[in-house]
Amino acid sequence: MFGRRLFTWFVVCCAAYATACFSAELQRVDRATLKPEPRDDGDSFRVDLGERELILRLYFVDCPETAVASETAARRVRSQTRFFGLANHRETVHYGKQATAFTRKMLAEPFSVYTVFTPTRGRSPGGRTYAFVETSDGKDLAELLVANGLARAYGIGRAAPDGTPRAEVEARLMDVENAAMLSRKGIWAATDVVRLVESRAAERKERAELQAIGESVRAPLEPIDINTASLEDLQLLTGIGPVLAQRIIDGRPYARIKGLLKVRGVTIGLVEKLRPHVVDGSK
(Lines give C-alpha, C1' and ligand atoms only; values in the text may rest on other atoms or scores of the structure.)
Protein backbone atom coordinates (compact mmCIF):
# COMPACT_ATOMS: atom_id res chain seq x y z
CA MET A 1 0.00 0.00 0.00
CA PHE A 2 2.82 2.38 0.92
CA GLY A 3 4.56 1.60 -2.37
CA ARG A 4 1.43 2.41 -4.35
CA ARG A 5 0.95 5.71 -2.48
CA LEU A 6 4.58 6.64 -3.06
CA PHE A 7 4.24 5.89 -6.76
CA THR A 8 1.05 7.96 -6.97
CA TRP A 9 2.75 10.86 -5.19
CA PHE A 10 5.68 10.63 -7.59
CA VAL A 11 3.41 10.70 -10.68
CA VAL A 12 1.45 13.68 -9.31
CA CYS A 13 4.65 15.60 -8.59
CA CYS A 14 6.02 14.89 -12.06
CA ALA A 15 2.79 16.01 -13.68
CA ALA A 16 2.74 19.20 -11.62
CA TYR A 17 6.35 19.94 -12.48
CA ALA A 18 5.77 19.37 -16.21
CA THR A 19 2.67 21.56 -16.23
CA ALA A 20 4.52 24.35 -14.43
CA CYS A 21 7.42 24.23 -16.89
CA PHE A 22 5.33 24.17 -20.02
CA SER A 23 2.96 26.95 -18.94
CA ALA A 24 5.70 29.18 -17.51
CA GLU A 25 6.19 32.74 -18.65
CA LEU A 26 9.44 33.90 -20.19
CA GLN A 27 12.02 35.00 -17.66
CA ARG A 28 14.59 37.68 -18.44
CA VAL A 29 18.25 37.38 -17.50
CA ASP A 30 20.51 40.37 -18.13
CA ARG A 31 24.28 40.56 -18.36
CA ALA A 32 24.58 37.10 -19.94
CA THR A 33 27.89 36.32 -21.63
CA LEU A 34 28.88 33.97 -24.42
CA LYS A 35 31.08 30.93 -23.69
CA PRO A 36 32.40 30.02 -27.16
CA GLU A 37 32.83 26.33 -27.94
CA PRO A 38 34.01 24.55 -31.13
CA ARG A 39 30.59 22.93 -31.63
CA ASP A 40 28.71 26.25 -31.60
CA ASP A 41 26.34 27.14 -34.45
CA GLY A 42 24.91 30.55 -35.23
CA ASP A 43 21.64 29.53 -33.56
CA SER A 44 22.98 27.29 -30.78
CA PHE A 45 25.65 28.26 -28.27
CA ARG A 46 26.68 28.11 -24.61
CA VAL A 47 26.04 31.11 -22.36
CA ASP A 48 26.91 32.04 -18.80
CA LEU A 49 23.90 33.40 -16.92
CA GLY A 50 25.77 34.08 -13.73
CA GLU A 51 24.45 31.28 -11.54
CA ARG A 52 24.48 28.66 -14.29
CA GLU A 53 25.53 27.89 -17.83
CA LEU A 54 23.16 26.71 -20.55
CA ILE A 55 23.29 25.82 -24.21
CA LEU A 56 20.70 28.06 -25.84
CA ARG A 57 18.80 27.38 -29.05
CA LEU A 58 17.21 30.41 -30.70
CA TYR A 59 13.48 30.37 -31.32
CA PHE A 60 12.20 30.67 -34.91
CA VAL A 61 15.44 30.39 -36.91
CA ASP A 62 17.79 27.79 -38.35
CA CYS A 63 21.40 28.56 -39.25
CA PRO A 64 23.44 26.28 -41.54
CA GLU A 65 25.42 23.56 -39.81
CA THR A 66 29.13 24.07 -39.21
CA ALA A 67 30.12 20.39 -39.38
CA VAL A 68 28.72 16.99 -40.30
CA ALA A 69 29.47 14.56 -37.51
CA SER A 70 26.35 12.38 -37.67
CA GLU A 71 23.65 11.16 -40.03
CA THR A 72 21.22 13.65 -38.49
CA ALA A 73 23.59 16.54 -39.19
CA ALA A 74 24.07 15.28 -42.75
CA ARG A 75 20.32 15.32 -43.30
CA ARG A 76 20.11 18.85 -41.93
CA VAL A 77 22.89 20.05 -44.23
CA ARG A 78 21.16 18.46 -47.21
CA SER A 79 17.88 20.15 -46.28
CA GLN A 80 19.61 23.52 -45.83
CA THR A 81 21.48 23.18 -49.12
CA ARG A 82 18.23 22.51 -50.91
CA PHE A 83 16.40 25.35 -49.20
CA PHE A 84 19.00 27.96 -50.16
CA GLY A 85 19.53 26.54 -53.66
CA LEU A 86 23.26 26.04 -53.23
CA ALA A 87 25.58 24.11 -55.51
CA ASN A 88 27.03 21.82 -52.85
CA HIS A 89 27.06 21.03 -49.16
CA ARG A 90 30.48 22.59 -48.57
CA GLU A 91 28.97 25.98 -49.34
CA THR A 92 26.33 25.35 -46.69
CA VAL A 93 28.92 24.53 -44.03
CA HIS A 94 30.97 27.57 -45.11
CA TYR A 95 28.03 29.88 -44.45
CA GLY A 96 27.29 28.03 -41.23
CA LYS A 97 30.72 29.07 -39.98
CA GLN A 98 30.01 32.64 -41.07
CA ALA A 99 26.77 32.57 -39.05
CA THR A 100 28.66 31.37 -35.99
CA ALA A 101 31.22 34.16 -36.37
CA PHE A 102 28.40 36.69 -36.75
CA THR A 103 26.70 35.49 -33.55
CA ARG A 104 29.95 35.72 -31.61
CA LYS A 105 30.46 39.26 -32.87
CA MET A 106 26.90 40.30 -31.94
CA LEU A 107 27.28 38.78 -28.47
CA ALA A 108 30.73 40.17 -27.73
CA GLU A 109 29.13 42.45 -25.15
CA PRO A 110 26.80 41.23 -22.34
CA PHE A 111 23.29 40.55 -23.61
CA SER A 112 19.81 39.60 -22.38
CA VAL A 113 18.17 36.18 -22.52
CA TYR A 114 14.44 35.41 -22.39
CA THR A 115 13.62 31.76 -21.66
CA VAL A 116 11.38 29.45 -19.62
CA PHE A 117 14.41 27.32 -18.62
CA THR A 118 12.88 24.08 -19.93
CA PRO A 119 15.59 22.02 -21.69
CA THR A 120 14.73 19.88 -24.68
CA ARG A 121 16.47 16.74 -25.74
CA GLY A 122 19.06 17.16 -28.45
CA ARG A 123 22.57 16.43 -29.57
CA SER A 124 24.05 18.63 -26.83
CA PRO A 125 24.80 16.96 -23.47
CA GLY A 126 22.13 18.06 -21.01
CA GLY A 127 19.90 19.28 -23.82
CA ARG A 128 19.35 22.75 -25.22
CA THR A 129 17.10 25.50 -23.92
CA TYR A 130 15.03 27.55 -26.36
CA ALA A 131 15.35 31.29 -25.91
CA PHE A 132 15.10 34.77 -27.36
CA VAL A 133 18.39 36.68 -27.24
CA GLU A 134 18.59 40.47 -27.24
CA THR A 135 21.95 42.04 -28.06
CA SER A 136 23.57 44.79 -25.98
CA ASP A 137 22.03 47.42 -28.29
CA GLY A 138 18.52 45.97 -27.92
CA LYS A 139 18.23 43.99 -31.18
CA ASP A 140 16.83 40.49 -31.60
CA LEU A 141 19.64 38.11 -32.58
CA ALA A 142 17.37 35.77 -34.55
CA GLU A 143 16.10 38.60 -36.73
CA LEU A 144 19.64 39.91 -37.26
CA LEU A 145 20.75 36.49 -38.52
CA VAL A 146 17.86 36.27 -40.97
CA ALA A 147 18.30 39.89 -42.13
CA ASN A 148 21.95 39.23 -42.93
CA GLY A 149 21.20 36.09 -44.89
CA LEU A 150 22.76 33.76 -42.33
CA ALA A 151 19.63 31.88 -41.24
CA ARG A 152 16.21 30.86 -42.48
CA ALA A 153 12.95 31.58 -40.70
CA TYR A 154 12.27 28.04 -39.59
CA GLY A 155 11.64 26.19 -36.35
CA ILE A 156 9.91 26.25 -33.00
CA GLY A 157 8.59 29.56 -31.67
CA ARG A 158 6.28 31.25 -29.20
CA ALA A 159 5.00 34.74 -28.38
CA ALA A 160 7.83 37.27 -28.18
CA PRO A 161 9.00 38.85 -24.89
CA ASP A 162 7.09 42.04 -25.72
CA GLY A 163 3.87 40.05 -26.19
CA THR A 164 3.87 39.98 -30.00
CA PRO A 165 1.90 36.85 -31.01
CA ARG A 166 3.86 33.94 -32.43
CA ALA A 167 2.10 34.16 -35.79
CA GLU A 168 3.12 37.81 -36.20
CA VAL A 169 6.73 37.03 -35.25
CA GLU A 170 6.77 34.26 -37.86
CA ALA A 171 5.26 36.54 -40.51
CA ARG A 172 7.77 39.29 -39.82
CA LEU A 173 10.72 36.91 -40.02
CA MET A 174 9.44 35.57 -43.33
CA ASP A 175 9.31 39.15 -44.65
CA VAL A 176 12.84 39.77 -43.37
CA GLU A 177 13.98 36.54 -45.05
CA ASN A 178 12.44 37.59 -48.36
CA ALA A 179 14.13 40.97 -48.14
CA ALA A 180 17.51 39.32 -47.51
CA MET A 181 16.97 37.00 -50.46
CA LEU A 182 16.04 39.85 -52.81
CA SER A 183 19.09 41.80 -51.64
CA ARG A 184 21.36 38.74 -52.08
CA LYS A 185 22.58 39.04 -48.51
CA GLY A 186 24.87 36.41 -47.01
CA ILE A 187 24.11 32.91 -48.17
CA TRP A 188 21.60 34.20 -50.72
CA ALA A 189 24.50 35.62 -52.74
CA ALA A 190 25.36 32.04 -53.74
CA THR A 191 21.79 30.96 -54.53
CA ASP A 192 21.01 29.50 -57.95
CA VAL A 193 17.32 30.30 -58.51
CA VAL A 194 16.70 27.39 -60.89
CA ARG A 195 18.41 24.97 -58.53
CA LEU A 196 16.41 26.40 -55.61
CA VAL A 197 13.08 25.57 -57.28
CA GLU A 198 14.17 22.06 -58.20
CA SER A 199 15.84 21.23 -54.91
CA ARG A 200 12.94 22.48 -52.80
CA ALA A 201 10.59 20.31 -54.84
CA ALA A 202 12.85 17.33 -54.14
CA GLU A 203 12.85 18.19 -50.45
CA ARG A 204 9.03 18.33 -50.32
CA LYS A 205 8.73 15.00 -52.13
CA GLU A 206 11.16 13.28 -49.80
CA ARG A 207 9.49 14.78 -46.73
CA ALA A 208 6.10 13.53 -47.89
CA GLU A 209 7.51 10.03 -48.46
CA LEU A 210 9.11 9.95 -45.02
CA GLN A 211 5.94 11.24 -43.40
CA ALA A 212 3.89 8.54 -45.12
CA ILE A 213 6.28 5.86 -43.88
CA GLY A 214 6.26 7.28 -40.38
CA GLU A 215 2.50 7.57 -40.17
CA SER A 216 2.11 3.96 -41.29
CA VAL A 217 4.17 2.61 -38.40
CA ARG A 218 4.35 5.17 -35.60
CA ALA A 219 1.70 4.81 -32.95
CA PRO A 220 2.18 4.64 -29.19
CA LEU A 221 1.46 1.27 -27.62
CA GLU A 222 -0.53 2.95 -24.85
CA PRO A 223 -2.44 6.27 -24.74
CA ILE A 224 -0.26 9.20 -23.69
CA ASP A 225 -1.16 12.12 -21.44
CA ILE A 226 -1.32 15.32 -23.50
CA ASN A 227 -0.46 17.35 -20.41
CA THR A 228 2.79 15.56 -19.56
CA ALA A 229 4.00 13.81 -22.73
CA SER A 230 7.43 14.80 -24.00
CA LEU A 231 8.10 16.46 -27.35
CA GLU A 232 9.29 13.11 -28.70
CA ASP A 233 6.24 11.18 -27.42
CA LEU A 234 3.83 13.66 -28.99
CA GLN A 235 5.52 13.13 -32.35
CA LEU A 236 4.63 9.44 -32.15
CA LEU A 237 1.05 10.50 -32.81
CA THR A 238 -0.12 10.53 -36.41
CA GLY A 239 -0.29 14.04 -37.84
CA ILE A 240 1.98 15.68 -35.26
CA GLY A 241 5.44 16.92 -36.22
CA PRO A 242 8.02 18.78 -34.12
CA VAL A 243 6.52 22.25 -34.62
CA LEU A 244 2.95 21.21 -33.78
CA ALA A 245 4.20 19.14 -30.83
CA GLN A 246 5.90 22.22 -29.37
CA ARG A 247 2.75 24.30 -29.88
CA ILE A 248 0.77 21.67 -27.96
CA ILE A 249 3.29 21.82 -25.13
CA ASP A 250 3.18 25.62 -25.06
CA GLY A 251 -0.62 25.54 -24.78
CA ARG A 252 -0.80 23.29 -21.70
CA PRO A 253 -2.66 22.39 -19.60
CA TYR A 254 -5.78 20.95 -21.27
CA ALA A 255 -8.85 19.98 -19.24
CA ARG A 256 -10.29 18.03 -22.18
CA ILE A 257 -8.91 16.63 -25.41
CA LYS A 258 -11.01 19.17 -27.32
CA GLY A 259 -8.89 21.83 -25.68
CA LEU A 260 -6.30 21.03 -28.35
CA LEU A 261 -8.45 22.98 -30.78
CA LYS A 262 -7.03 26.19 -29.33
CA VAL A 263 -3.63 25.18 -30.75
CA ARG A 264 -2.92 26.66 -34.16
CA GLY A 265 -2.78 23.85 -36.70
CA VAL A 266 -5.03 21.41 -34.79
CA THR A 267 -8.33 20.66 -36.51
CA ILE A 268 -11.43 18.80 -35.38
CA GLY A 269 -10.44 15.97 -37.70
CA LEU A 270 -7.03 15.67 -36.08
CA VAL A 271 -8.55 15.69 -32.58
CA GLU A 272 -10.80 12.78 -33.55
CA LYS A 273 -7.82 10.84 -34.89
CA LEU A 274 -5.91 11.49 -31.68
CA ARG A 275 -8.76 10.64 -29.32
CA PRO A 276 -8.03 6.87 -29.04
CA HIS A 277 -4.33 7.53 -28.42
CA VAL A 278 -4.35 10.28 -25.77
CA VAL A 279 -5.76 10.93 -22.30
CA ASP A 280 -6.43 14.27 -20.65
CA GLY A 281 -7.05 15.72 -17.22
CA SER A 282 -10.76 14.81 -17.10
CA LYS A 283 -12.01 12.30 -14.55
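Quickly run through the range 225-253 and pick out the residues that are in a helix (DSSP H, G or I), among the β-branched types (Val, Ile, Thr) and crowded, with 16+ Cβ neighbours inside 10 Å.
Result: Ile248, Ile249.
Could you check Ser79 against (1) in contact (Cβ under 8 Å) with a residue 24 or more places away in the chain; (2) within 24 Å of Thr118 (Cα to Cα); (3) buried (at least 16 other Cβ atoms within 10 Å of the Cβ); (4) within 19 Å of the chain's Cα centre (by Cα) and say which number it fails?
Against the list (1) in contact (Cβ under 8 Å) with a residue 24 or more places away in the chain; (2) within 24 Å of Thr118 (Cα to Cα); (3) buried (at least 16 other Cβ atoms within 10 Å of the Cβ); (4) within 19 Å of the chain's Cα centre (by Cα), Ser79 comes up short only on (2).
Filter the range 254-283 down to residues that are surrounded by 17 or more Cβ atoms within 10 Å (Cβ to Cβ) and outside any helix (DSSP H, G or I) and give me whichever is modelled with the lowest pLDDT.
Looking at residues that are surrounded by 17 or more Cβ atoms within 10 Å (Cβ to Cβ) and outside any helix (DSSP H, G or I), I get Gly281.
Listed here are the residues, each with its yes/no results for (1) in contact with a Cys (Cβ under 7 Å, 6 or more places away or on another chain); (2) over 30 Å from Glu198 (Cα atoms); (3) at pLDDT 95 or above.
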residue	(1), (2), (3)
Gly85	no, no, yes
Tyr95	no, no, yes
Thr103	no, yes, yes
Gly163	no, yes, no
Ala167	no, no, no
Ala180	no, no, yes
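List pairs: first residue in the range 258-273 and closer than 13 Å to Gly239 by Cα, second residue among the hydroxyl-bearing types (Ser, Thr, Tyr) and surrounded by fewer than 11 Cβ atoms within 10 Å (Cβ to Cβ) anywhere in the structure, Cβ distance under 8 angstrom, at least six positions apart or on different chains.
none
Got at least one residue in the range 61-73 being of a type in the set (Val, Ile, Thr), buried (at least 18 other Cβ atoms within 10 Å of the Cβ) and closer than 22 Å to Asp137 by Cα?
Yes, the range 61-73 contains a residue that is of a type in the set (Val, Ile, Thr), buried (at least 18 other Cβ atoms within 10 Å of the Cβ) and closer than 22 Å to Asp137 by Cα.
Looking at this structure, is Leu150 in a loop (DSSP other than H, G, I, E, B), of a type in the set (A, V, I, L, M, F, W, C), under 23 Å from Leu34 (Cβ atoms) and in contact with a Gly (Cβ under 8 Å, 6 or more places away or on another chain)? It would help to see each step written out before you state the result.
Working: in a loop (DSSP other than H, G, I, E, B): yes; of a type in the set (A, V, I, L, M, F, W, C): yes; under 23 Å from Leu34 (Cβ atoms): yes; in contact with a Gly (Cβ under 8 Å, 6 or more places away or on another chain): yes.
In short, yes.
Please determine, by comparing only the residues of the range 82-109 that are among the small types (Gly, Ala, Ser) and surrounded by fewer than 20 Cβ atoms within 10 Å (Cβ to Cβ), which one is farthest from Arg166 (Cα to Cα).
Going through the qualifying residues, I end up with Ala87.
If the requirement is being in contact with a strand residue (DSSP E or B) (Cβ under 6 Å, 6 or more places away or on another chain) and in the same structural domain as Glu91 (by TED's automatic domain parsing), which of these qualifies: Leu182, Leu141?
Leu141 is the lone residue from the list that is in contact with a strand residue (DSSP E or B) (Cβ under 6 Å, 6 or more places away or on another chain) and in the same structural domain as Glu91 (by TED's automatic domain parsing).
The values are calculated or read from the model by the stated rules, or taken from the named source; none is laboratory data. As the structure is a prediction and not an experimental result, all values here were calculated from the model. When we count neighbours, we look across all protein chains shown, and the Cβ atoms used for this are built from the backbone with ideal geometry, even at glycine.
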